[in-house]
Amino acid sequence: MSDKPETLGTVQRVVQVLRHLAETGETTIKDVSAALGLVPSTCHRMLELLSRDGIVERDPIARSYSVGPEFFRLAALVELKHDVRILARPFLQKIVDGCGETGVLSLYLPAECRMIFADKVDSSQLLRYQLSMNTPLPVLWGASGRAILAFLPTAEVDRVLKMSDCAPASGEKRPARHQLLSELTAVRERGYAISRGQKIAGAVGINAPVFGASDRVIGSLGVTMPEQRSTRANEAEISRLVTDQAEALSRALGASFPRPKSKVV
């Protein structure tokens, strides 16, 4: 037996209210009514029902509603049981399907100011690179690292710069601070990083940042391919593919878009 239209409508409205609460943190009946286009009485009824189970918490003095303890508990359980790698896999696969090159998920390790290659989907091409998975690597080098570094606070960028040596593959010397900050500005403006042979000899990397629910960068998504298969035309195509999938993954992780034009602070 199919669900009644009014039942489906109620479920949809509850989901809209929960989404609004998750995105705003605190709201009022008037705000919910305006945001969702529902009459205030309907909003009040749903918020009161949700508050009975602790999903929503009501402040009688401010006459506002916020996320309740049960909502936090459920969110924590979901986060605990869903590894970023699992969530990212379909987005990696879309990158590989779209360009035929190896797709790579990199994750940032804040405590170490380093990063790891956390997951990958291999290219079907015979010539491809073997990556050292889950091994801490410098964030300063390679598109996978620069796409992360460009969205970190200046103090963190300085820490990364001080603790970094020459590029692992090319031997390129550590850049001067003003040069690095200029390069990171360029990465933020175009939305992705590109590198040649810095981490892996003969490889071209194109990566875009991935953001979490706090809108803080948590890693990057991109491709690694042999330099001989890289052209100006396919680099432009791949960069669009990578940035689109990185944004889609960020949305799935709870990040807000469109993001304001950011700068290192």
Most mobile listed residue (ALA213, ALA150, ALA246) in the chain, GNM with C-alpha springs under 10 Å: ALA213
Where ILE116, ILE218 fall by accessible area, highest first, once all protein chains stay in place (1.4 Å): ILE218, ILE116
Phi to ³J(HN,Hα) by Karplus 6.51 cos²θ - 1.76 cosθ + 1.60 over the stretch 212-221, Hz, x for Gly, Pro: x, 4, 8, 6, 9, 5, 10, x, 8, 10
Added length on full extension, which subtracts the Cα-Cα distance from 0.36 nm per residue, LYS173 to GLU70: 31.9 nm
Hits among aspartates and glutamates - C-alpha to C-alpha of LYS162 under 14 Å, sequence gap 8 or more where chains match: GLU112
Interatomic Cα distance distribution for the chain, bins of 10 angstrom, percent: 7, 26, 27, 18, 14, 7, 1
Order of exposure, largest accessible area first, which applies to ARG85, ARG190 with probe 1.4 Å: ARG190, ARG85
ALA22/ASP122 FRET efficiency (R0 41 Å; Cβ-Cβ; nearest 0.05): 0.70
Under-5 Å amide H pairs with ASP215, H placed in peptide plane, nonlocal only: SER256
Span-like helix ranges in the chain, DSSP H, alpha carbon extent 15 angstrom or more, Kyte mean at least -0.5: 5-24, 40-52, 69-81, 84-99
Cα gyration tensor shape of the stretch 183-265, rounded if a/c is under 1.5, else prolate or oblate by comparing a/b with b/c: prolate
In nm, spacing of pseudo-spin labels at ARG45 and GLN130 (7 Å Cα→C-beta vector): 6.5
Three-way shape label, the stretch 169-211, alpha-carbon gyration tensor, a/c 1.5: oblate
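The values are calculated or read from the model by the stated rules, or taken from the named source; none is laboratory data. In this text, all values refer to a predicted model and were calculated from it rather than measured experimentally. Cβ sites come from the backbone with ideal geometry, for glycine too, and all protein chains shown count toward neighbours. Calculation scope for accessible area: heavy atoms of the full protein, side chains included, ligands and nucleic acids excluded. Shrake-Rupley method; radii C 1.70, N 1.55, O 1.52, S 1.80 Å.
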